[in-house]
Amino acid sequence: MAKTNPGNFFEDYSVGQVLHHAVPRTVTNGERALYHALYPARHALYSSDEFARNCGLPQSPIDDLAALHVVFGKTVPDISLNAVANLGYAEGRWLRPVYPSDTLRAESEVIGLKQNSNGKTGVVWVRTRGLNQRDEVVIEYVRWVMVRKSNLDAPAPKSVVPNLKKALDVSDLDVPHGLDFSNYDFTQAGEVHRWGDYETGEKIDHVDGVTVEEAEHMLATRLWQNTAKVHFDLTFRPEGRLIYGGHVISMARALSFNGLANAQMIVGLNGGAHANPCFAGDTIKAWSEVLDKAETVTPGVGVGAVRLRLVATKGGTPFELRNEEGKYLPNVLLDLDYWALMPV
């Protein structure tokens, strides 16, 4: 009997199947230090215990996207080890901050399946939950992945495509217990722009860029214990190691500090697409668009919500996204739609 794990293929999944992912992970301040070494992340709430306490939290949490990466990494051996590509996200919610010394584990439920017309691959939809040591859900999200078939003669399953929300309602968002921006220090945060200074439809060029290096993206992917072959093995993808999509997300989010320094906490993920592959040597730049605003999430504590589109590109003109046919331009790497909390 073979003792190694070749990963799941498309024909191995069934709707309703629950996957309990291996290897829980205790996060520490080392996680924060490595995250900030990999990305130009400067949001004050995730950088300073004193700033976080001034905002009503017991200490500075681990970056919201770092928490996502830890949970995501747990799922890879069971969901995307044999993936062609991670296709998209929906209904993501950050329900509790993750603090140093928390231990995270993950579980996923298969909620949709659809074999592709080529008969060689299929799309798998899963709803993943990350839980802490108290069995509290800290994050949940849906993602869908294109996965290879191992047995091309395996019959196609009945197609089930889940009906997902196009965007979370403001009432779906969770404001961390105690969070209070009424005494927010804009000087320490790095920008004066608050919720009222942004208008729906406004676009922001984040100006800066970072060239992706092979060593950095592989270090990041190992940090999250993501074992997907396309990120490491050149024999699996000879044209180049595919940069982990989460690396692009974190880089773009970090670059968005310049213009959105006070969009402190990501609390909702409405949708996302990795529009084109990213490889070492590509220079990531980013721009954002304000899609919506909510004046009050929790009354009396100075916290508002802003819905943002974050676009990562490799060159090209800012604010250009799709061609005349509605397809993503070839320089667009990421199109992410999220809710963030900001002082009003």
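A few points about this structure:
- Total charge dipole magnitude, the chain, about the Cα centre, Cβ charges on Lys, Arg, Asp, Glu only, Debye to nearest 20: 1040
- Karplus-derived HN-Hα couplings along region 90-98 (A = 6.51, B = -1.76, C = 1.60, θ = phi - 60°), whole Hz, x at Gly and Pro: 7, 6, x, 9, 8, 9, 8, x, 9
- Of T227, L168, S117, farthest towards positive along the dipole that unit charges on Lys, Arg, Asp, Glu beta carbons give region 80-237: S117
- For L321, no residue 5 or more places off, or on another chain, has a built amide H under 5 Å of its own.
- Helix axis angle, 64-79 relative to the chain longest principal axis, alpha carbon, degrees: 10
- Calculated over the chain: convex hull of Cα atoms, volume per residue (Å³): 143
- Among the trypsin sites (Lys or Arg not before Pro) in region 251-344, those located in a DSSP loop and surrounded by at most 11 other Cβ atoms within 10 Å of their own Cβ are K327.
- Projecting the Cα atoms of S159, Y244, T28 onto the dipole axis of the chain, where Lys and Arg carry +1 and Asp and Glu carry -1 at the beta carbon, places S159 farthest toward the positive end.
- Fully extended contour minus Cα-Cα distance, from N151 to E320, at 0.36 nm per residue: 56.7 nm
- With the largest listed first and rounded to whole Å, the semi-axes of the equivalent ellipsoid of region 197-244 from the Cα gyration tensor are 32, 13, 11.
- Hydrodynamic radius by Kirkwood, which averages 1/r over all alpha carbon pairs of region 145-214, in angstrom: 19.2
- D (Stokes-Einstein, µm²/s), Kirkwood Cα radius, region 84-174, 0.692 mPa s at 37 °C: 220
- Per-selection Kirkwood Rh - region 259-303 (Cα, Å, 1 d.p.): 14.3
- Convex hull projection area averaged over all views, region 150-271, Cα basis, nm²: 13.0
- Cα-based convex hull volume of region 1-78 per residue, rounded to whole Å³: 157
- Taken over region 248-344, the percentage of Cα pairs per 5 Å bin, counting from 0 up to the bin with the maximum distance, is 3, 13, 24, 23, 15, 11, 6, 3, 2, 0.
- Over all orientations, region 8-158 has a Cα convex hull whose mean projected area works out to 9.7 square nanometres.
- With every protein chain in place, region 238-344: carbon and sulfur % of accessible area (1.4 Å): 48
The values are calculated or read from the model by the stated rules, or taken from the named source; none is laboratory data. Every value quoted in this text rests on a predicted model; they were computed, and no experiment measured them. Note that we place each Cβ from the backbone using ideal geometry, even for glycine, and neighbour counts take in every protein chain shown. With ligands, DNA and RNA removed, areas are computed over all heavy atoms of the protein, side chains included. Shrake-Rupley method; radii C 1.70, N 1.55, O 1.52, S 1.80 Å.
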